[in-house]
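Colleague: The structure under discussion is supplied below as structure tokens; questions concerning it will follow.
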Amino acid sequence: MNKFSVCHLSKFYKPFSGGIESVVADIAEGSNFCNTSVIAVDQAALSAKEIINSVRVMRSKEYFNIAKVSIAPGYIWDVLKECNGQILHVHLPNPLAIVAVFIASICGKDVSKLVVHWHSDVVKQKFLKILFWPFEAWILNKSKTIIVTSQRYLESSESLSQYVNKSVVVPIGIESIAGGINVELVRDLKHNYQGKKIIFSLGRHVYYKGFEDLIEAAKYVSDAVFVVGGSGPDTEKYRMQIAKEGLNDKVYLIGRVSDEDLPSYYAAADVFCLPSNEKSEAFGVVQLEAMSIGTPVVSGNIIGSGVPWVNAHMDSGLVFEPNNVESLAGCLNLIIRDDSLRQDLAVGAKRRFEKYFTKDKSVESIDSIYKELLII
């Protein structure tokens, strides 16, 4: 196999649209330096092998999962077949990928060109972290380079504290979605919400996203509607909270927003809010989507997370104190009531995106890491 090949070990891949998986796709499709392949788990009876935008994709059936860890023996087999001295780019957290590389190593396969992409610590699943700690330590020791998405996360991660010397900060970058704005849809959305200021939010409805706080904050923000996209295990809990607080005419749960319509929702919004309150939100790619259009952001000052670095206070948006409804409501009131401030932050958001967070900048940095690795 060509030595200028890179195999990404991801949990899932297209058409799955999770945050990490989107980053994997951008890197795999964007690299001009290497032929790329992706090994992933399949939960939906997709094709076991296919080519997507010149990327060779191999999927293995998930038979079941334990604490969100996929049990997919075919994944390990695919890794064994692909370990021929090419670069292995492992995206973590993903215990299955760590175990697969470990088994490949003890089977005598060449895993010498190993890049670990550290998207997040294991935060909530403490037992899982204890169980897999020896394997995690093994792969971090074995890796040649560890990619981290922000300096803040690198400095706060206990798992990476011993590996700072071989860690490299590469911020996530995306393609601007501004070109996908549908002017008619934007107009319709503004009309549907009767000209009120639109506070848009988006994400999986899970514990660390902070949507409970956003719904609570809505009680203290006047002349605005809250439009919340996404779904998840906590959706029904949010519906009950909205009904209980009498916010049915103010907070709207709209479910999944299609990729085609998403740019228009950001463009229609006066502000995008990421109410996440836990370090599980390590970066917040949705902030980049908003910023690429020039929509200012309100997000939390999550200790140890890259979120408040991505959205710089009084530059691209405002930053509130997590788990503090008063602070969140205060930031939202300030930004929707002060037209001049909001316009300045809108300009700053787009400027900051173009300076730090484009897909080209991210891919170029990662290609440089690959090149250095091949010289060793």
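The values are calculated or read from the model by the stated rules, or taken from the named source; none is laboratory data. Nothing here was measured: the structure is a model prediction, and the numbers come from that model. All Cβ positions, even for glycine, are placed from backbone atoms using ideal geometry, and neighbour counts span all protein chains on display.
Colleague: Residue under question is ALA45, and the condition is that it be assigned by TED's automatic domain parsing to the domain that holds ALA104 and over 21 Å from the mean Cα position of the chain (by Cα); does it hold?
Modeller: Yes: the conditions hold for ALA45.
Colleague: Look at PHE16 and say whether it is over 20 Å from VAL115 (Cβ atoms), outside the structural domain of GLN287 (by TED's automatic domain parsing) and surrounded by 15 or more Cβ atoms within 10 Å (Cβ to Cβ).
Modeller: Yes, satisfied.
Colleague: Scanning for something under 22 Å from GLY18 (Cα atoms) and either polar (S, T, N, Q) or in contact with a helix residue (DSSP H, G or I) (Cβ under 7 Å, 6 or more places away or on another chain) (or both), does region 363-370 turn up at least one residue?
Modeller: yes
Colleague: Please indicate, with yes or no, whether at least one residue in region 222-239 is within 20 Å of ILE174 (Cα to Cα), surrounded by fewer than 21 Cβ atoms within 10 Å (Cβ to Cβ) and without any contact (Cβ under 8 Å) to a residue 24 or more places away in the chain.
Modeller: No: region 222-239 contains no residue that is within 20 Å of ILE174 (Cα to Cα), surrounded by fewer than 21 Cβ atoms within 10 Å (Cβ to Cβ) and without any contact (Cβ under 8 Å) to a residue 24 or more places away in the chain.
Colleague: Restricting the search to region 198-223, which residues are among the charged types (D, E, K, R), in contact with a Pro (Cβ under 7 Å, 6 or more places away or on another chain) and at positive phi?
Modeller: None - no residue of region 198-223 is among the charged types (D, E, K, R), in contact with a Pro (Cβ under 7 Å, 6 or more places away or on another chain) and at positive phi, so the list stays empty.
Colleague: Let me spell it out: the conditions are (1) touching a residue at least 24 places away in the same chain (Cβ under 8 Å); (2) farther than 22 Å from LEU373 by Cα, and PRO73 meets all of them except one. Which number is the exception?
Modeller: In the conditions (1) touching a residue at least 24 places away in the same chain (Cβ under 8 Å); (2) farther than 22 Å from LEU373 by Cα, PRO73 misses (1) alone.
Colleague: Something else: Just need a number here: residues in region 66-91 that are of a type in the set (Lys, Arg) and either farther than 18 Å from GLU21 by Cα or crowded, with 22+ Cβ neighbours inside 10 Å (or both).
Modeller: Residues in region 66-91 being of a type in the set (Lys, Arg) and either farther than 18 Å from GLU21 by Cα or crowded, with 22+ Cβ neighbours inside 10 Å (or both): 1 in total.
Colleague: Go through (1) within 21 Å of the chain's Cα centre (by Cα); (2) free of Cβ contacts under 8 Å to residues at least 60 places away in the same chain; (3) farther than 30 Å from ARG187 by Cβ one by one and return the number of the condition ASP367 breaks.
Modeller: Unmet for ASP367, out of (1) within 21 Å of the chain's Cα centre (by Cα); (2) free of Cβ contacts under 8 Å to residues at least 60 places away in the same chain; (3) farther than 30 Å from ARG187 by Cβ: (2).
Colleague: Output the residues belonging to region 2-55 that are under 20 Å from SER258 (Cβ atoms) and in a strand (DSSP E or B).
Modeller: The one that is under 20 Å from SER258 (Cβ atoms) and in a strand (DSSP E or B): ILE52.
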